Amino acid sequence: MMKMIVASAALAAFAAPAFAQQPTTTPAKPKSMAEDMFTKHDTDKNGGLSIAEVKVVDATAATADFDTYDADKDKALSKAEFAMRAEAKTTPPASAPGE
């Protein structure tokens, strides 16, 4: 009986560190669809999408629409600006109160 208790205690002592280990790496954040589209269509790899590059993604894009999302007015959409535009284009409009 005593041998069994000692063996169980030894097994528990050696197994405990294996259960206590935490993962050392953080899982990678999955890219959003907007980020993938941005990377794919930034053909000149300058980190911004020109109106011509946006029109490849969305043929109906107008200069006025482009300018609305070009917050810093540098004639290119950054990843964040493009993501805002993509979200606005895919989110249905809110209904009016009472509808």
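Read the figures in this text as sums done on the coordinates, not as results from a lab. Owing to the predicted nature of the structure, the values given are computational and were not obtained by experimental measurement. Glycine gets a Cβ as well: all are built from the backbone with ideal geometry, and neighbour counts include every protein chain shown.
The table that follows gives values for the structure above.
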{"read-out": "Stretch gain in nm, segment residue 91-residue 32, where the contour uses 0.36 nm per residue and the Cα spacing is subtracted", "value": "19.8 nm"}
{"read-out": "Inter-site label distance for residue 71 and residue 55 at 7 Å from Cα along Cβ, in nm", "value": "2.6 nm"}
{"read-out": "Distance (nanometres) between label positions extended 7 Å along Cα→Cβ at residue 40 and residue 63", "value": "2.8 nm"}
{"read-out": "Largest-first principal axis extents of the Cα set of region 33-90 (Å)", "value": "24, 23, 20"}
